[in-house]
Amino acid sequence: MHAKCALITGVTGQDGAYLASFLLERGYEVHGLLRRSASADVVDARLKWLGIAGKITLHDGNLTDLSSLIRVLGEVRPAEVYNLAAQSFVKSSWQQPLLTGAVTGMGAVNVLEAVRIAYPEARFYQASSSEMFGLIQEPIQSEKTPFYPRSPYAAAKLYAHWMTVNYRESFGLHASSGILFNHESPLRGIEFVTRKITDGVARIKLGLSETLALGNLDAKRDWGHARDYVKAMWLMLQQDEPDDYVVATGRTTSVWEFCELAFGHAGLRMEDHVVVDERLLRPAEVDVLHGNPAKAKEKLGWAAETSLEALAAEMVEVDLERQKRHEHL
Ligand code: NAP
Ligand code: GDD
């Protein structure tokens with residue numbers, strides 16, 4: 001039987017790596033878009049960590065170069081396209097608003113255009129974000145909650161989100177959006193708060209540093225495990241009709257509480273080590289995100305499987321091992 005074929009943009013990122021692994025396990029032929037880097041030796045570190053680097057066909061391309069996307073779509077002719085590539089770090093989006101708009105916003109439209117022009121039979125997934133809820137308009141956010149983006153990143157994601165809806169309605173593309181709440185893992189970028197904390201805990205535990213500087217400890221997020229969340233992406237593309245889905249755990253926790261879990265797992269007290277550095281505060285903050293995943297549960301049969309306690313413990317354990325071996329990711 002001919003394997004199903006998928007193309008992932010952002011395959012070298014956290015979600016791209018877990019999704020590639022998930023699809024390979026299901027017999028897919030997996031292709032990924034790779035942007036050229038002068039550090040080619042480290043760019044596939046996540047794929048290597050999962051032991052799948054040699055199992056994916058990588059194609060040279062960039063979300064800002066429509067010609068490269070049309071070429072790759074035409075060559076691969078994938079049954080499923082997952083658009084995960086983005087400038088995804090919210091704080092950087094104030095320092096690089098134009099790049100964020102070009103990659104996170106217009107880049108998604110480039111992928112939609114490439115699908116429409118080169119292979120409209122493909123099913124399309126857009127990585128939308130709970131950041132689009134921003135200054136929340138309802139205490140618990142669902143697909144029906146109005147958006148209020150609070151950063152250049154969120155505004156760019158909102159544009160990409162509505163363009164996905166528009167291509168579905170205008171051209172009949174099988175285009176779905178997953179409005180994913182924060183999801184973490186040992187493969188999370190070190191700049192995001194959970195990984196910064198678990199890496200900090202490991203360093204402090206091993207005597208490599210004494211303090212960890214953080215910004216807003218009161219911010220609350222609905223944190224799940226990336227491994228669970230890529231399954232929801234795939235389930236969306238297995239539905240007869242394209243649609244939009246909130247993907248979340250339904251539990252919200254503060255940065256402070258996540259610190260307590262991570263430090264506690266290593267037998268440390270966060271109060272002895274965490275310091276607040278005002279330079280890490282954001283020009284406009286998203287104070288709280290709390291998702292309602294009822295639609296994903298009802299229509300996709302999806303539910304988060306990993307507790308926050310288990311997630312924090314896994315991340316601390318992996319970071320302790322990495323620090324002991326002087327490995328970096
Ligand atoms: P990530 O780890 O930052 O990965 C981003 C990926 O995009 C990397 O593979 C990166 O390549 C690639 N990329 C960046 N600019 C590109 C360009 N111009 N052309 C081609 N590729 C480019 O992000 P993630 O956490 O896996 O998230 C995946 C997607 O879901 C993102 O769109 C993110 O905004 C969205 N999202 C994430 C979450 C979350 O909590 N993780 C929640 C909601 C939505 P390099 O490896 O070369 O940098
Ligand atoms: N990064 C970071 N570093 N965040 C900190 C720190 C710190 O030192 N101290 C406190 N925080 C707070 C931030 O102010 C924010 O309120 C919260 O921790 C989470 O920050 P991040 O982990 O950077 O994630 P994010 O919520 O801004 O964005 C992530 O989730 C979105 C989905 O809601 C990213 O993955 C986005 O790409 C994604 O769309």
Heavy-atom accessible area order for T64, T100, largest first, 1.4 Å probe: T64, T100
DSSP-loop trypsin sites (Lys or Arg not before Pro) across region 35-129, with at most 14 other Cβ within 10 angstrom: R36
Efficiency of FRET between D65 and L280 - r from beta-carbon atoms, R0 41 angstrom, step 0.05: 0.75
Pairwise centroid distance, computed over Cα atoms, of region 273-288 with region 213-263, Å: 20
Semi-axis lengths (Å, descending) of the ellipsoid that matches the C-alpha gyration tensor of region 139-215: 37, 14, 11
Fraction of beta bridges assigned by DSSP in the chain that are antiparallel (%, nearest 5): 5
S177 long-range amide H proximity, modeled H, under 5 Å: Q126, D243, D244, Y245
³J(HN,Hα), Karplus 6.51/-1.76/1.60, whole Hz, each residue of region 115-120, x for Gly, Pro: 5, 4, 7, 9, 7, x
Summed side-chain charge close to T211 - residues other than T211 whose Cβ falls under 12 Å, Lys, Arg +1, Asp, Glu -1: -3
Histogram of C-alpha separations across region 189-238, 10 Å bin width, %: 20, 37, 26, 13, 4
Mean shadow area of region 177-305, taken as a quarter of the surface of its Cα convex hull (nm²): 8.6
Neighbour cut-off at most 11 other Cβ (10 Å), DSSP loop, trypsin sites (Lys or Arg not before Pro), region 158-229: none
Average silhouette area of the chain, convex hull of alpha-carbon atoms, in square nanometres: 16.1
Histogram of C-alpha separations across region 58-117, 10 Å bin width, %: 24, 50, 21, 5
3J(HN,Hα) from dihedral phi, region 235-250, Karplus parametrisation 6.51/-1.76/1.60, rounded to Hz, x for glycine, proline: 4, 4, 7, 8, 7, 4, 10, x, 6, 10, 9, 7, 10, 7, 8, x
Those GluC sites (Glu not before Pro) in region 247-329 that DSSP places in a loop and that have at most 13 other beta carbons within 10 Å: E305, E327
Label point 7 Å beyond Cα of E317 along Cβ direction - residues of region 220-237 with amide nitrogen under 19 Å: 224-229
Approximate spin-label separation W162-Y148, in nm, with each point projected 7 Å along Cα-to-Cβ: 1.7
Mean projection area, nm², convex hull over Cα of region 23-175: 10.4
Contour minus Cα-Cα distance for E327 and K4 (0.36 nm per residue): 112.8 nm
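In deg cm²/dmol, rounded to 500, what helix-only [θ] at 222 nm does the chain give when every DSSP H run of at least 4 residues adds -39500 (n - 2.57) and the total is split over its residues?
Numbers: 11 runs with 121 residues, N = 329.
After summing the helix terms and dividing by residue count, I get -11000 deg cm²/dmol.
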Label-point separation, Q238 to R77 (7 Å along Cα→Cβ), nm: 2.5
Most to least accessible of H265, H328, H161 (protein chains only, probe 1.4 Å): H328, H265, H161
Distance from region 133-180 to region 75-111 (C-alpha centre basis), Å: 14
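The values are calculated or read from the model by the stated rules, or taken from the named source; none is laboratory data. This structure is a prediction, so every number in the text was calculated from the model and none was measured. Please note: Cβ atoms are built from the backbone with ideal geometry, for glycine as well, and neighbour counts cover all protein chains shown. With ligands, DNA and RNA removed, areas are computed over all heavy atoms of the protein, side chains included. Shrake-Rupley method; radii C 1.70, N 1.55, O 1.52, S 1.80 Å.
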